[in-house]
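The values are calculated or read from the model by the stated rules, or taken from the named source; none is laboratory data. Only a predicted model underlies this, so the values are computations on that prediction, with no experimental measurement involved. Cβ placement follows ideal geometry from the backbone for every residue including glycine, while neighbour counts extend to all protein chains displayed. Calculation scope for accessible area: heavy atoms of the full protein, side chains included, ligands and nucleic acids excluded. Shrake-Rupley method; radii C 1.70, N 1.55, O 1.52, S 1.80 Å.
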Amino acid sequence: MQVTIKTKRTSQFIDWWAWGAFTSFILIFVTLILSPMWQRTLLNETVTVDDEPAKLKPIELKPHTLGALRVDAEARINANEWVAFEIQLLDKAGKVIASGTKEGWSETGTWYEEGEYGSWAEQDTLGGLDVRAKQDETLTVALALLDYGTTEGKDLNQPVSFQVTVSDGIIDTGYLWLGMILSSPFALATMYAARKSGKRAIFEKIQDSDPTGRGILGGEKRLVRVRVEVEADETAPRQVEVRLVINDGYGEQIYCESTDVNVERKTKDGQFIKAVAKLDKFFVIPERNSYGFHVEVYPDAPIDRTKLIVRDGARTILPTDVIYLENHKDLAVNN
């Protein structure tokens with residue numbers, strides 16, 4: 001069979017599902033990094049709340065595709081005290097449209113252990129409320145003091161100060177971090193699967209330099225990936241020559257090419273482990289049939305092991321140089 005050989009760089013066999021998963025991860029990551037740029041502070045005030053709810057000045061809220069309005073209120077209480085308060089959002093008519101309660105506390109103490117001692121302090125005094133606007137609105141933030149006392153059970157009848165911050169364009173980064181955690185292994189898995197994609201038509205591993213295998217593969221829209229893995233001893237040169245031969249079903253040679261491949265030396269603690277070389281080639285063979293693949297590595301003296309893997313119906317991650325093997329019959333039909 002007379003064959004015409006041509007090489008073309010193509011994106012035809014890219015696994016777009018793998019890129020979809022990876023793009024989702026990138027979009028989540030970029031959103032996480034850029035999210036602070038969408039935030040703007042509308043109010044940042046200290047307010048004192050007593051028996052009656054305290055209202056802040058009205059704010060203008062506009063709907064956004066991303067982000068929400070967040071009200072943070074941090075109670076200023078002393079050690080070993082607790083406070084219960086409510087954050088309210090009021091519309092123009094003074095009607096409560098959203099609210100949230102918080103029980104804040106602040107505690108200190110000392111510890112003793114095996115002759116050593118020290119002090120500790122913990123607190124949770126920050127309450128928050130998130131809301132998304134569906135239309136242009138004027139809202140008022142109000143704080144109501146529900147209860148106040150000490151951790152020993154004593155009620156306190158006195159006002160409490162709060163640091164109130166109102167921000168717009170807030171994105172809950174907790175969901176973004178969760179999205180990254182869930183999408184990153186999926187993206188890596190799809191990328192790895194793309195590199196290992198295709199049905200393994202040939203797998204030959206020998207303790208020598210010239211494996212041979214035959215399998216049924218090919219087709220106009222099927223990518224054939226040939227991978228040669230070489231292991232050698234410490235006498236291996238910096239490069240080895242890998243000669244790849246492809247024969248058709250009648251044993252006639254339709255492809256033959258030699259490629260110089262760099263050798264990588266692997267060491268551990270300064271000690272030589274092995275030398276390795278890898279070669280990947282991609283083919284499109286229009287006629288699906290039985291094909292034989294033969295590899296020879298030169299020089300062969302240092303070679304300990306050679307592996308030949310041929311996958312049919314493979315996919316790629318990036319645009320790839322593909323070798324098209326076209327017989328004259330195919331060319332005549334196409335013309």
Checklist line | Residues residue 60 and residue 305, FRET efficiency given R0 of 56 Å [Cβ-Cβ distance, rounded to 0.05] | finding: 0.20
Margin query: Under a crude label model (7 Å from the Cα following the beta-carbon direction), how far is residue 80 from residue 220 in nanometres?
Written below: 8.7
Note to self: Give me the 1.4 Å probe accessible area per residue for the chain, excluding ligands and nucleic acids, in Å².
What the structure shows: 59
Next item on the list: Output the peptides 240-253, 281-294 sorted from most to least packed, where packing is the average of other Cβ atoms within 10 Å over each peptide's residues.
Entry: 281-294, 240-253
Check: Mind checking the angle between helix 16-34 and the chain's longest principal axis? C-alpha axes, 0 to 90 degrees, to the nearest 10.
Finding: 30
Checklist line | All lysines inside 24 Å of residue 6 as judged from Cα atoms, apart from same-chain residues fewer than 8 positions distant | finding: 221, 278, 281, 329
Next item on the list: Using Cα positions and a limit of under 19 Å, work out the aspartates and glutamates in reach of residue 55, with same-chain residues fewer than 8 apart set aside.
Entry: 45, 72, 74, 86, 91, 130, 137, 147, 168
Margin query: Below 12 angstrom from the Cβ of residue 323, what's the summed charge of the other residues (Lys, Arg +1; Asp, Glu -1)?
Written below: +1
Notebook entry, point to check: Cα centroids of the range 290-325 and the range 48-104: how far apart, whole angstrom?
Noted result: 67
Note to self: Between residue 126 and residue 186, how high is the FRET efficiency from 1/(1 + (r/R0)^6) when r is the Cβ-Cβ distance and R₀ = 25 Å? Nearest 0.05.
What the structure shows: 0.15
Notebook entry, point to check: Using only helices, what value at 222 nm comes out for the chain when you add -39,500 (n - 2.57) per DSSP H run of length 4 or more and divide by the total residues, to the nearest 500 deg cm²/dmol?
Noted result: -5000 deg cm²/dmol
Note to self: At 0.36 nm per residue, and after removing the present C-alpha to C-alpha distance, how many nm does the segment from residue 243 to residue 151 gain when stretched out fully?
What the structure shows: 25.0 nm
Notebook entry, point to check: For the range 154-164, in order, what is each residue's ³J(HN,Hα) by Karplus, 6.51 cos²θ - 1.76 cosθ + 1.60 with θ = phi - 60°, in whole Hz (x at glycine and Pro)?
Noted result: 8, 6, 10, 10, 8, x, 10, 8, 10, 9, 10
Checklist line | Relative contact order, percent, the chain [alpha-carbon distance under 8 Å, six or more residues apart] | finding: 25
Check: For helix 173-195, what angle does its Cα long axis make with the longest principal axis of the chain, in degrees from 0 to 90 and rounded to 10?
Finding: 0
Notebook entry, point to check: For the chain, which whole-number percentage of the solvent-accessible area (1.4 Å probe, protein heavy atoms only) is attributable to carbon and sulfur atoms?
Noted result: 49
Notebook entry, point to check: Of the cross-linked pairs 266/307; 199/268; 57/95, which ones have a Cα-Cα span greater than 27 Å in the structure shown?
Noted result: 199/268
Item checked: For the range 235-272 versus the range 130-179, the gap between their alpha-carbon centres in whole angstrom -> 67
Next item on the list: Work out Dmax and Rg for the chain from the C-alpha atoms and quote the Rg first, both in angstrom.
Entry: 34.8, 100
